[in-house]
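One structure below.
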Amino acid sequence: MRALARAARSEAPAHAYLITGPAHIGKRTLARELAAALNCQAAPEERPCHACASCRMTLREAHPDFTVVERTEERRLRVEDVRDARGSVDWRPYQGRFKIYLFPEADDWGNVDASSSALLKTIEEPPPQVVIVLTATSVETMPITIVSRCRSVPLQPVAPPVLSMRLQELYGAPPETARRLAALSNGRPGWAIDALTTPDLVARREEEISQVVALSEGPLGARLLLTGDVCRGGSFLESRALCLRVLDDMAAWWRDLLIVSSATVDVPDTSGVLTHADRRDELARQAARRGRAKIARGLREIEVTAGAVERNVTPRLALEALVLRLN
């Protein structure tokens with residue numbers, strides 16, 4: 001984040017930035033903020049001001065010097081979009097100091113077709129007035145040739161108490177609603193903000209958590225079948241992303257199990273630190289059956305499995321192996 005703050009005040013920012021983090025954590029929002037800062041009309045120490053014409057247009061993604069190259073529903077770069085972007089890279093900015101190109105969800109750059117190879121070259125060596133911004137879930141999903149030429153900006157989940165406070169202060173959320181959404185969000189501000197006005201998101205999230213609970217408890221055969229359902233995507237990358245999300249949720253559940261199993265007579269109420277405080281009774285039953293040592297080993301197994309999936313182990317096989325080890 002300090003690197004982006006310096007870029008906002010600089011007349012010579014890095015030529016390319018790679019913003020990484022899980023879905024709904026704010027990668028695209030941060031990319032817009034960076035673009036707004038680079039062309040903000042205010043004094044350097046006030047950028048982005050959010051008030052000048054340049055900032056307002058950029059935040060609406062309507063600035064002539066801010067180009068967003070979207071993916072199709074099939075997560076492909078369209079040839080015509082690639083050609084349009086490539087053709088305008090060498091042009092001078094229309095209004096601002098820089099031309100900024102944003103490529104959201106760039107995880108599968110290695111799968112782009114030959115027509116975009118020239119654009120990849122531009123990302124590696126753009127003209128001085130051009131800044132390229134890529135967003136992705138992880139640097140591991142990107143070709144090393146691209147990662148090595150980008151300034152990396154990793155985003156981490158926001159702590160639930162901090163996110164809860166922001167939901168109350170900035171969006172007027174009732175305290176109990178804010179605490180619940182912050183816990184359900186896994187530290188993803190974008191999801192929590194959307195959930196304030198979209199009750200279906202909360203319902204779907206509750207269903208996802210129920211699936212995580214089902215992967216941790218119940219007949220082994222049913223749990224193995226469920227691994228295929230939760231990791232089923234239209235492509236390897238989609239399956240991988242789904243699996244990593246499930247593993248994140250499993251880690252949160254098993255951390256709660258560890259907290260409950262570690263509760264003492266002196267500190268009997270751990271609800272304030274539980275992600276799933278509303279499922280305290282269910283957590284207590286599982287914690288009592290497994291015991292603290294077994295829960296700690298299980299949590300380590302989940303972390304090891306997530307690392308394997310990030311290194312492109314087949315998602316379903318990795319999750320099936322985890323279920324067998326947790327049995």
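Side notes on the structure shown:
- 29, 141, 197 arranged by Cβ crowding within 10 Å, fewest neighbours leading: 197, 29, 141
- Multiplying the residue separation of residue 5 and residue 293 by 0.36 nm and subtracting their alpha-carbon distance yields 99.3 nm.
- Hydrophobic, long helices, defined as DSSP H runs whose alpha-carbon span along the helix axis is 20 Å or greater and whose mean Kyte-Doolittle value is at least -0.5, occur in the chain at 199-216, 236-262, 292-310.
- Helix-only arithmetic for the chain: the sum of -39500 (n - 2.57) across DSSP H runs with n ≥ 4, divided by the residue total, places the mean residue ellipticity at 222 nm at -17000 deg cm²/dmol.
- Taking amide H as placed 1.01 Å from N in the peptide plane, the amide H of residue 152 sits under 5 Å from that of 18, each at least 5 places away or on another chain.
- Modelled FRET efficiency - R0 30 Å, residue 313 with residue 145, Cβ distances, 0.05 increments: 0.85
- Averaging the Cα positions of each part gives two centres, and for segment 190-262 and segment 17-67 these lie 32 Å apart.
- With neighbour counts taken as other beta-carbon atoms within 10 Å, the residues 88, 261, 54, 210 rank, fewest first, as 210, 88, 261, 54.
- Among 94, 171, the order by Cβ neighbours within 10 angstrom, fewest to most, reads 94, 171.
- Computed 3J(HN,Hα) for segment 128-140, one whole-Hz value per residue from the Karplus formula 6.51 cos²θ - 1.76 cosθ + 1.60 where θ = phi - 60°, is x, 8, 10, 10, 9, 10, 10, 10, 7, 6, 7, 5, 5, glycine and proline marked x.
- Potential lengthening between residue 171 and residue 327 on full extension [0.36 nm per residue; Cα-Cα distance subtracted]: 51.9 nm
- Simple rule: put +1 on each Lys or Arg Cβ and -1 on each Asp or Glu Cβ in the chain, find the dipole, and look at 12, 66, 137; the Cα lying farthest toward the positive end is 12.
- Computed from the alpha carbon atoms alone, the convex hull of the chain holds 149 Å³ per residue.
- FRET efficiency for residue 152 and residue 284, using Cβ-Cβ distance with R0 set to 56 Å, rounded to 0.05: 0.85
No lab work stands behind these numbers, since they all come straight from the coordinates. Because the structure is predicted, anything quoted here is derived from the model rather than measured. Neighbour counts are summed over all protein chains in view; Cβ atoms, including those assigned to glycine, are modelled from backbone coordinates with ideal geometry.
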